[in-house]
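Trainee: Take a look at the following structure, please.
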Amino acid sequence: MSAHQKTAASPFIRACRREPVPYTPVWFMRQAGRSLPEYLKVREGIPMLESCTRPELVAEITLQPVRRHRVDAAVYYSDIVVPLKAIGLDLDIKPGVGPVVQHPIRTRADLARLRPLEPDDVRYVTEAIGISSRHMQKPHD
């Protein structure tokens with residue numbers, strides 16, 4: 001494999017750029033994992049937000065639909081409230097209920113409890129993306 005081939009964009013990225021591709025890449029708009037038995041098994045006993053902070057687990061869950069359905073791109077496994085938790089909002093995701101905030105933000109003083117999001121607050125995201133990227137395989141080879 002030449003150096004150019006190693007750094008060339010995937011068919012998915014090339015299609016996003018409206019560049020020519022050898023086939024029409026496929027991906028899911030939303031994470032497909034919630035319906036997969038392997039997802040249910042690997043998440044068993046692990047709270048939602050905790051599962052989002054474990055890089056190896058995040059990578060595994062991210063890649064499960066890719067392996068099963070042989071799609072060309074992955075949807076990163078996480079939750080929209082992860083950054084809020086990372087900046088100090090006391091919240092949890094309760095099964096069957098959804099996000100529950102212990103002390104809701106109702107005043108400016110409440111807002112002052114939060115701090116700016118720093119990269120170190122979510123370093124597990126960078127780790128998980130790195131692991132996932134290294135394990136992505138081209139399904140059409």
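The values are calculated or read from the model by the stated rules, or taken from the named source; none is laboratory data. Just so we're clear, the structure is a prediction, and the values are computed from it rather than from any experiment. Ideal geometry is used to build each Cβ from the backbone, glycine not excepted, and the neighbour counts take in all protein chains shown. Side chains are part of the model used for accessible areas, which takes the heavy atoms of the whole protein and leaves out ligands, DNA and RNA. Shrake-Rupley method; radii C 1.70, N 1.55, O 1.52, S 1.80 Å.
Trainee: Efficiency by 1/(1 + (r/R0)^6): what FRET value for R106 and A73, r their Cβ-Cβ distance, R0 = 35 Å, to the nearest 0.05?
Mentor: Working: r = 40 Å, r/R0 = 1.14.
Plugging the Cβ-Cβ distance into 1/(1 + (r/R0)^6) gives 0.30.
Trainee: Using a 1.4 Å probe over the heavy atoms of the protein chains, calculate the carbon and sulfur portion of the accessible area of segment 37-98 as a whole percent.
Mentor: Details: 1850 of 3230 Å².
Reported share for carbon and sulfur atoms: 57 percent.
Trainee: Please state, rounded to one decimal and in Å, the Kirkwood hydrodynamic radius that segment 1-137 gives when every pair of distinct Cα atoms enters the mean of 1/r.
Mentor: On the way: mean 1/r = 0.0581 Å⁻¹.
Evaluated on segment 1-137, it is 17.2 Å.
Trainee: Return the single residue from R17, R43, R54 with maximal mean-square fluctuation; model: Gaussian network over the chain, springs between Cα atoms under 10 Å.
Mentor: R17
Trainee: So for segment 24-126, taking the charge dipole from beta-carbon charges (+1 Lys/Arg, -1 Asp/Glu), which of P47, V66, A86 sits furthest toward the positive end?
Mentor: The listed residue farthest towards the positive side: V66.
Trainee: Please build a GNM for the chain, connecting alpha carbons under 10 Å apart, and tell me which residue among I105, I131, I93 fluctuates the most.
Mentor: With Cα springs under 10 Å in the chain, the top fluctuation among I105, I131, I93 is at I105.
Trainee: Also, quick follow-up: When only C-alpha pairs under 8 Å and at least 6 residues apart count, what is the relative contact order of the chain, in percent?
Mentor: Working: 139 pairs, mean separation 33.5, N = 141.
Result for the chain is 24 percent.
Trainee: Using only Cα atoms and rounding to the nearest 10 degrees, what angle (0 to 90) does helix 123-135 make with the longest principal axis of the chain?
Mentor: 20
Trainee: Further, regarding this structure: Suppose every K and R has +1 on its Cβ and every D and E has -1 on its Cβ; what is the size of the dipole of the chain about the Cα centre, in Debye to the nearest 20?
Mentor: Values: 21 positive and 16 negative charges, 84 e Å.
It works out to roughly 400 debye.
Trainee: A further question follows. Given 0.36 nm per residue, what is the gain on full extension from E50 to E19 after removing their alpha carbon distance, in nm?
Mentor: Details: separation 31, 0.36 × 31 = 11.16 nm, distance 3.89 nm.
Gain on stretching E50 to E19: 7.3 nm.
Trainee: Another one. Would you rank E118, E19 by solvent-accessible area, highest first, keeping every protein chain in place and using a 1.4 Å probe? Mind dumping the intermediate values first?
Mentor: Details: E118 100, E19 75 Å².
Of E118, E19, the descending order of accessible area is E118, E19.
Trainee: For labels at L91 and T126 in the simple 7 Å Cα→Cβ model, what's the distance in nm?
Mentor: Spacing of the two 7 Å Cα→Cβ label points: 2.4 nm.
Trainee: Report the relative contact order of segment 48-97, percent, no decimals, based on alpha-carbon pairs under 8 angstrom and at least 6 residues apart. Present the calculation step by step, with values, prior to reporting the outcome.
Mentor: Working: 29 pairs, mean separation 18.5, N = 50.
37 percent.
Trainee: Angle check, please: helix 55-69 long axis (alpha carbons) against the longest principal axis of the chain (alpha carbons), in degrees 0 to 90, nearest 10.
Mentor: It works out to around 50 degrees.
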